[in-house]
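Asker: Sharing a structure below in structure tokens format, with a few things to ask.
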Amino acid sequence: MGAVKEWMLYVIISITLVGLIVLYQIAGPYYEVGIASWYGPGFHGNYTANGEVYDMYGISAAHKTLPFGTIVRVVEIETGRSIVVRINDRGPFIEGRIIDLSKGAAEKLGIVEKGITKVGLRILHRPKG
């Protein structure tokens, strides 16, 4: 009977730890909080700062300092909606803004009509090197 109790305790602790990790990913502190905007027309088909061809209908983003290839969860503060994007460009170049989303990412986040919104950024993956 002691082995069963020990095993159950192990399972409960494991589930609790996994739950806390997931909760931290969802509701933990943000890397950065500020204004997000989106860009597309006038840039579609041009080269991004990392050399890719920009697809305004794709899911990507521009950030001033995060390394190219960084995977970021962008969370709209007001609604809690989020999207995961990959940094492949530099920007935004308007003071007070922290990230420029592709039009495709902005559509999925539901901010195309608003144009700008307050967001929190969570780093999910940083490229090695």
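Asker: When the helices in the chain are scored as -39500 (n - 2.57) per DSSP H run of 4 or longer and the sum is shared across all residues, what 222 nm value do you end up with, to the nearest 500 deg cm²/dmol?
Answerer: Details: 2 runs with 33 residues, N = 129.
One gets -8500 deg cm²/dmol as the mean residue ellipticity at 222 nm.
Asker: Would you list which aspartates and glutamates come within 16 Å of K114, measuring only between C-alpha atoms, while excluding same-chain residues fewer than 8 positions from it?
Answerer: K114 reaches E76, E78, D100.
Asker: Pick out, in residue order, every one of the trypsin sites (Lys or Arg not before Pro) in segment 87-129 that is DSSP loop and has at most 14 other C-beta atoms within 10 Å; say none if there are none. Spell out each step's value before the answer.
Answerer: Working: sites: R90, R97, K103, K108, K114, K118, R122, K128; in loops: R90, K114, K128.
Those satisfying the criteria are K114, K128.
Asker: Right, something else. List the GluC sites (Glu not before Pro) in segment 38-129 that DSSP assigns to loop (not H, G, I, E or B) and whose Cβ has at most 11 other Cβ atoms within 10 Å. Which are they?
Answerer: Values: sites: E52, E76, E78, E95, E107, E113; in loops: E52, E78, E95, E113.
Passing sites in segment 38-129 are E78, E95, E113.
Asker: With +1 assigned to the C-beta of every Lys and Arg and -1 to the C-beta of every Asp and Glu, and no other charges, what is the dipole magnitude of segment 31-125 about the Cα centre in debye, to the nearest 20? Intermediate results must be reported in sequence, preceding the final value.
Answerer: Values: 11 positive and 10 negative charges, 39 e Å.
In total the dipole reaches around 180 debye.
Asker: Pick out, in residue order, every one of the chymotrypsin sites (Phe, Trp or Tyr not before Pro) in segment 1-106 that is DSSP loop and has at most 12 other C-beta atoms within 10 Å; say none if there are none. Intermediate values should be presented prior to the final figure.
Answerer: On the way: sites: W7, Y10, Y24, Y30, Y31, W38, Y39, F43, Y47, Y54, Y57, F68, F93; in loops: Y30, Y31, F43, Y54, Y57, F68, F93.
For chymotrypsin sites (Phe, Trp or Tyr not before Pro) across segment 1-106 that sit outside H, G, I, E and B with at most 12 neighbouring Cβ atoms in 10 Å, the list reads Y57, F93.
Asker: Set the Förster radius R0 to 35 Å, insert the Cβ-Cβ distance between Y31 and V11 as r into 1/(1 + (r/R0)^6), and round the FRET efficiency to 0.05. Present the calculation step by step, with values, prior to reporting the outcome.
Answerer: Numbers: r = 33 Å, r/R0 = 0.94.
Calculated value: 0.60.
Asker: Students often get this wrong, so try it: which of (i) 37, 16, 12; (ii) 31, 15, 14; (iii) 19, 18, 15 is semi-axes √(5λ) of the Cα gyration tensor in Å as calculated from the structure shown?
Answerer: (i)
Asker: With both partners inside segment 19-129, how many of the DSSP beta bridges are antiparallel, as a percent to the nearest 5? Present the calculation step by step, with values, prior to reporting the outcome.
Answerer: Numbers: 20 of 28 bridges.
Antiparallel bridges make up about 70 percent of those DSSP assigns within segment 19-129.
FYI, it's all coordinate maths here, none of it is from the lab. Just so it is clear, the model here is predicted, and its values are computed rather than measured. All Cβ positions, glycine included, derive from the backbone under ideal geometry; neighbour counts span all protein chains shown.
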